[in-house]
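The values are calculated or read from the model by the stated rules, or taken from the named source; none is laboratory data. Because the structure is a prediction, the values reported are computed rather than measured. Counting neighbours? That spans all protein chains shown, and the Cβs are built from the backbone with ideal geometry, glycine included.
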């Protein structure tokens, strides 16, 4: 999974087809919980581009997007938000896959 490098890159990426932004932080235990299976999720949902967004590095972007709990997922398609799985709760592989299937 590629890491977001800039707000400008975020603006460019969200214009593409089916982009999943995963909001995370190095200190977040629930974020580390999903790391071992995220590769499988990416493999299963190849139609999506997955981008990791470090909450601490992009706190202003998170505030703008109302991303206050992590890990959280935000999906864009052609510049339009198509779905969000945003909360402070731990997420399971099944919950993430169900969310992506509904997009």
Taking the condition of being under 19 Å from residue 13 (Cβ atoms) and either modelled with pLDDT under 95 or surrounded by fewer than 14 Cβ atoms within 10 Å (Cβ to Cβ) (or both), how many residues in region 31-61 meet it?
4
Residue check for residue 2: loosely packed, with under 12 Cβ neighbours inside 10 Å and either touching a strand residue (DSSP E or B) at 6+ places or on another chain (Cβ under 8 Å) or at pLDDT below 95 (or both)
yes
Residues of region 15-30 being under 20 Å from residue 97 (Cα atoms), touching a strand residue (DSSP E or B) at 6+ places or on another chain (Cβ under 8 Å) and surrounded by fewer than 19 Cβ atoms within 10 Å (Cβ to Cβ), in sequence order, are 17, 18
Looking at (1) under 14 Å from residue 97 (Cα atoms); (2) touching a residue at least 40 places away in the same chain (Cβ under 8 Å), which is the one condition that is false for residue 7?
(1)
Search region 62-82 for residues being in contact with a helix residue (DSSP H, G or I) (Cβ under 7 Å, 6 or more places away or on another chain) and under 24 Å from residue 46 (Cβ atoms), and hand back the single one that is surrounded by the most Cβ atoms within 10 Å (Cβ to Cβ).
71
